[in-house]
Each structure stands twice: as C-alpha cells, then as structure tokens.
Amino acid sequence: MTVESTAPPTTPTSAPAAAAPGRVRRTVGRRGVRYLAVLAGAWLLAEAMGRIGVPAPALLAALLLGAVLRLAIGREVAVPAEVSRWTQAFIGVMLGGYLNVEAMRAVGPVLAPFLAVSVLTVVLSVGAAWVLSRWVADLDQRTATLGLMAGGSSAVVTLCDELGARKDVVGVMQYSRVLLVSATAPFVAVGLAGGATVPAKAWSLDLQIVGRGDQVAGLSTAIVFALAGMWLGRRLHLPGGGLIGPMLVAAVIGGAELTRGFAPQGAFKELLLIVVGLEVGLMVDRRLLRRLAHLLPAIAGGIVALCGVVALLAVAAARMTGVSVADAYLATTPGGINAVVASATGSSTANMALIATVQSLRLIIVVLALPLVVGALSRLSGFRAARADATTR
C-alpha cells in the first residue's frame with residue numbers, strides 16, 4: 001500500500017491548510033536568515049568598537065544595533081526563543097565556572113554587607129514606587145512596585161497578571177532600567193576603576209570556544225551542564241531557573257574540581273554577549289513608548305534615582321569590605337544579570353565570583369520577596385479603603 005493511496009482526496013478548501021506549514025517554514029527560515037545577518041553585523045560592529053577601545057564592545061555594539069533596528073523596522077527582527085533559552089543557560093555555565101572553591105572562600109568573608117545592600121535595594125524599590133505612585137496619577141502602587149523592583153526583569157513581568165499589575169507599564173519600566181544599566185555599566189565600571197582607558201584590541205578572531213585544550217570535550221561538558229541545569233531549574237521552580245540552574249550545576253561540579261575548562265571563552269563567549277546585547281536593544285518598542293510617553297519622565301526619574309542610591313550603597317559596601325568600588329558597583333547595580341556579566345567580562349581584573357554570587361542571590365531575594373511585598377500592599381490598600389469607608393459613614 002502506498003502513502004498516496006491512503007491520503008485523503010485534495011479539495012480546494014484543504015489546499016490552504018496544506019500550504020500553511022510550508023508558509024510557516026518559509027517565514028521561520030526568513031526570520032532565521034535575517035537574525036543571522038544581524039548577528040554578523042553586530043559581530044563586525046563589536047570588532048570595530050573594540051579596536052577603538054570601547055569597553056564591553058560585544059554588549060554595547062549589539063545593544064546599539066538592536067535598538068536601531070527595532071526603531072527602524074519594528075518587530076521584523078527578534079531573538080528566537082530557543083536561542084535566548086540556550087544563551088541564558090550557557091551564561092549560567094560561564095558564571096558557575098567562576099565559582100570555584102578558592103573564589104567562594106574569598107567571597108565568603110565579604111558577602112554579608114553585599115547581601116544587606118541587596119535587601120536594602122528591595123526596600124528602596126518599594127519606597128521609590130510608593131513615592132512615584134503618589135506623584136503620578138495614572139500609576140497605581142502595585143504596577144509601580146513591580147516596575148521599579150530591581151532585578152529579575154523577566155520574572156517580574158511574568159508575575160504581572162497574577163499580582164494584578166499593568167504588564168505594559170511594568171515591561172517598559174523594567175526594560176528601561178536594564179537598558180540604562182547595560183548602556184552605562186561598562187563606562188561606569190571603567191571610571192570607578194580609576195579612569196583607565198580600555199586598550200584597543202587588534203582585529204582578530206579567537207576561535208577558542210572553551211577554556212580547555214580539548215575543545216570538543218569542553219563544549220560537550222558545557223552542553224551537558226546547560227541541559228542538566230535547565231532541568232534542575234524547572235524541577236525546583238527556581239527563580240530565573242534557566243540561568244541559575246546551569247550556574248549551580250557548573251559551580252558544584254566545577255567547584256569540586258571534578259572537571260574544568262568548560263566555561264565559554266573566545267568567540268563562543270563573545271557570541272553569547274552579542275545575543276544578550278541584542279535582546280536588550282530589541283526591547284525598545286516605539287509604539288509602546290509613544291503610548292506611555294506621559295509616564296516616561298517620571299519613570300526615568302525613578303530609575304535614575306534608584307540606581308544612584310544603590311551605587312552609593314555599593315561605595316559604602318566597598319569601603320567596609322576592601323573590595324574595589326568597580327566590583328562593588330557591578331555586584332549590586334540593579335540591571336539584568338546577563339548585561340552585568342557582559343560588562344564585567346570586559347575587565348580582566350573584575351571579581352567575577354563576587355559579582356556572580358551577589359547578583360544571583362539578589363535575583364532569588366527579589367523573586368521570593370515580590371509576592372510578599374505585593375500582598376502587603378494589597379492588605380494596606382484594603383485597610384485604607386475600609387477606614388475611608390468607615391469615616392464617610
């Protein structure tokens with residue numbers, strides 16, 4: 001029996017349905033080609049910016065290109081979901097590679113002040129949101145709180161429906177903060193490190209993809225860690241599990257020195273940072289910004305004020321612990337953890353163990369604290385409404 005003999009007869013109405021998968025494949029193929037062209041363009045721009053001494057050129061070049069493309073052609077270019085997922089996982093593996101036993105021993109004695117800064121950052125976010133909601137009539141306190149919450153932007157946005165906040169406004173607030181920190185962190189870190197200029201690099205292509213000599217074995221290990229970490233993140237319902245899970249797996253196995261040399265390096269690491277930059281740059285949505293234009297000055301003021309106060313807390317923590325101000329800033333700055341890592345990797349002196357540990361712990365603190373904070377705000381609003389009702393009677 002042939003396949004054709006069992007197939008249903010073709011009718012005029014079934015032809016479009018039969019052609020639909022073909023159209024989908026062609027659309028996906030065009031988007032894939034377009035995205036690869038953007039990646040290549042970002043890579044060339046990063047190399048050019050690196051030659052003139054721009055800090056974190058992979059992140060900044062991709063961020064700039066992504067923002068320009070999004071403003072020019074809208075949604076025609078986007079980071080594929082699977083690419084984003086695997087990028088998060090490999091960034092987690094890279095972070096875990098910095099968390100060896102010696103590094104964790106060095107981080108341990110100075111960790112307490114930085115955890116205190118993380119908790120204070122959450123408190124400051126709530127306070128700034130309260131001020132902003134009282135100042136701006138169209139901004140309710142719940143939306144303002146989620147929008148200004150420092151850290152875990154993607155996790156915060158996904159909680160909007162459950163917690164009764166406006167997702168569009170929260171998205172603009174969260175991604176504006178990530179965009180601001182991503183665009184400024186490399187320059188701020190260089191300035192805090194003493195204003196030393198970033199050396200220009202020669203035009204070259206580093207084909208190394210992992211730290212060990214056997215590239216195939218190292219990459220295979222990284223892939224296994226990424227897969228195991230993503231599974232662990234889903235299984236344990238970890239906040240930011242797609243990044244934190246791989247980081248934990250790589251930190252535990254690599255930290256025990258059971259294997260080494262698996263962390264992305266060279267061209268592989270640069271590609272990951274370019275994808276991160278594109279994700280941030282492509283968040284710019286002119287239609288949404290136009291619709292919320294009346295809120296943007298207040299939102300920008302709240303974000304800048306929050307980042308400024310957290311930076312002052314970072315300086316205080318650096319003075320208490322002896323950590324460099326640049327490392328303290330990168331460890332505590334309320335930006336996306338991927339963008340902070342991209343900024344930190346532009347410096348050969350960055351304390352990646354401290355930065356990765358503090359940023360990851362703050363992400364967990366923020367996601368665990370959010371439902372409690374919003375619940376408390378809801379109870380407070382209900383109490384005020386009941387008291388106002390009783391007063392009017």
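The values are calculated or read from the model by the stated rules, or taken from the named source; none is laboratory data. Values in this document were obtained by computation on a predicted structure and should not be read as measured data. Note that we place each Cβ from the backbone using ideal geometry, even for glycine, and neighbour counts take in every protein chain shown.
Couple of notes before you dig in:
- Residue in the stretch 91-146 that is nearest to I244 (Cα to Cα), counting only those that are modelled with pLDDT of 85 or more and among the hydroxyl-bearing types (S, T, Y): S118
- Residue match in the stretch 281-291 (condition: of a type in the set (A, V, I, L, M), in a helix (DSSP H, G or I) and surrounded by 24 or more Cβ atoms within 10 Å (Cβ to Cβ)): no
The rows are residues; the columns are (1) in contact with a Leu (Cβ under 7 Å, 6 or more places away or on another chain); (2) surrounded by fewer than 16 Cβ atoms within 10 Å (Cβ to Cβ); (3) over 16 Å from G308 (Cβ atoms).
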site	(1), (2), (3)
L99	no, no, yes
R105	no, yes, yes
P109	no, yes, yes
F114	no, no, yes
G127	no, yes, no
V136	yes, no, yes
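- Just one of the listed residues (L146, L124) is part of a helix (DSSP H, G or I) and in contact with a Cys (Cβ under 8 Å, 6 or more places away or on another chain), and it is L146.
- If you go through the stretch 81-111 and pick out every residue that is within 22 Å of S176 (Cβ to Cβ) and not in a helix (DSSP H, G or I), you end up with 0.
- Some residue of the stretch 65-80 being of a type in the set (A, V, I, L, M, F, W, C), in a loop (DSSP other than H, G, I, E, B) and touching a Lys or Arg at 6+ places or on another chain (Cβ under 7 Å): yes
For every residue, the table says whether it meets (1) within 25 Å of T349 (Cβ to Cβ); (2) basic (K, R); (3) in contact (Cβ under 8 Å) with a residue 24 or more places away in the chain.
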| site | (1), (2), (3) |
| --- | --- |
| A42 | no, no, yes |
| A46 | yes, no, yes |
| R51 | yes, yes, yes |
| A58 | yes, no, yes |
| L99 | yes, no, yes |
| G108 | yes, no, no |
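- A search for C-beta distances below 6 Å between a residue of the stretch 219-239 that is over 16 Å from T87 (Cα atoms) and any residue that is among the β-branched types (V, I, T) and surrounded by 15 or more Cβ atoms within 10 Å (Cβ to Cβ), counting only pairs 6+ apart in sequence or on different chains, returns L238/I244; P239/I364; P239/V367.
- Test: residue in the stretch 138-146 that is surrounded by fewer than 19 Cβ atoms within 10 Å (Cβ to Cβ), within 27 Å of L312 (Cβ to Cβ) and hydrophobic (A, V, I, L, M, F, W, C): no
- Selection status of V252, buried (at least 23 other Cβ atoms within 10 Å of the Cβ), of a type outside the set (G, A, S) and either out of contact with any helix residue (DSSP H, G or I) (no Cβ under 6 Å at 6 or more places or on another chain) or farther than 30 Å from V367 by Cα (or both): no
- When G53 is tested against the conditions (1) assigned to a helix (DSSP H, G or I); (2) more than 22 Å from the chain's Cα centre (by Cα), the lone failure is (1).
- Checked against the criterion of being of a type outside the set (A, V, I, L, M), modelled with pLDDT of 85 or more, loosely packed, with under 14 Cβ neighbours inside 10 Å and farther than 26 Å from A256 by Cα, the candidates E82, E47 yield just one match: E82.
- Residues considered: A112, A78, A89, A103. Of these, the only one that is of a type in the set (G, A, S) and more than 20 Å from L361 (Cα to Cα) is A78.
- Pick from the stretch 184-210, criterion among the small types (G, A, S) and at pLDDT 75 or above, ranking: farthest from the chain's Cα centre (by Cα): G191
- Tally of residues being more than 19 Å from L60 (Cβ to Cβ) and in contact (Cβ under 8 Å) with a residue 24 or more places away in the chain across the stretch 317-333: 11
- When each of G308, G302 is tested for being touching a Leu at 6+ places or on another chain (Cβ under 6 Å) and either part of a helix (DSSP H, G or I) or surrounded by 19 or more Cβ atoms within 10 Å (Cβ to Cβ) (or both), the lone residue that passes is G302.
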